[in-house]
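Enquirer: My questions all concern the structure below.
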């Protein structure tokens with residue numbers, strides 16, 4: 001049930017972005033659902049790579065966490081890095097989906113970055129509901 005809820009919210013978010021983000025166009029709700037499904041599948045697949053990088057980062061944070069200020073900064077840096085990695089990968093995936101889906105168009109990569117940032121922020125808060 002949660003998967004259907006996330007799909008619905010993602011599809012509606014993409015439609016919302018198409019109305020208010022210049023250069024981001026989706027033909028209709030059906031196209032929005034297809035883009036959401038592909039985006040979710042590719043993000044899940046890319047999650048394996050991200051997980052590998054997170055494990056390496058956590059190992060590095062573990063090595064310096066005993067140093068008072070540096071350990072705290074390293075932990076915060078890890079959180080920020082994971083978020084940045086996720087939304088940059090999301091922008092690349094949106095650009096790829098733009099190429100393969102007919103009713104979905106983005107003017108340039110800058111639009112993809114803004115859209116992926118908004119999608120990442122919404123997805124951070126989605127599990128809270």
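Enquirer: Assess whether residue 100 counts as being in contact (Cβ under 8 Å) with a residue 24 or more places away in the chain and exposed (fewer than 12 other Cβ atoms within 10 Å of the Cβ).
Expert: Yes.
Enquirer: Quick check on my filter: what residues within region 7-29 are touching a residue at least 24 places away in the same chain (Cβ under 8 Å), surrounded by fewer than 17 Cβ atoms within 10 Å (Cβ to Cβ) and closer than 18 Å to residue 102 by Cβ?
Expert: Selection gives 23, 27, 28.
Enquirer: Against the conditions (1) closer than 18 Å to residue 9 by Cα; (2) under 12 Å from the mean Cα position of the chain (by Cα), where does residue 82 fall short? Just the number, please.
Expert: The failed condition is (1).
Enquirer: Condition (residue is crowded, with 18+ Cβ neighbours inside 10 Å, part of a helix (DSSP H, G or I) and out of contact with any strand residue (DSSP E or B) (no Cβ under 6 Å at 6 or more places or on another chain)) applied to region 80-87: is it met by at least one residue?
Expert: yes
Enquirer: Working only within region 103-129, note down all residues that are out of contact with any strand residue (DSSP E or B) (no Cβ under 8 Å at 6 or more places or on another chain), surrounded by fewer than 16 Cβ atoms within 10 Å (Cβ to Cβ) and at pLDDT 90 or above.
Expert: Listed by number, the residues that qualify are 108, 109, 110.
The values are calculated or read from the model by the stated rules, or taken from the named source; none is laboratory data. Quantities reported herein were computed from a predicted structural model and do not represent experimental measurements. No Cβ is skipped: glycine too gets one built from the backbone with ideal geometry, and neighbour counts run over all protein chains shown.
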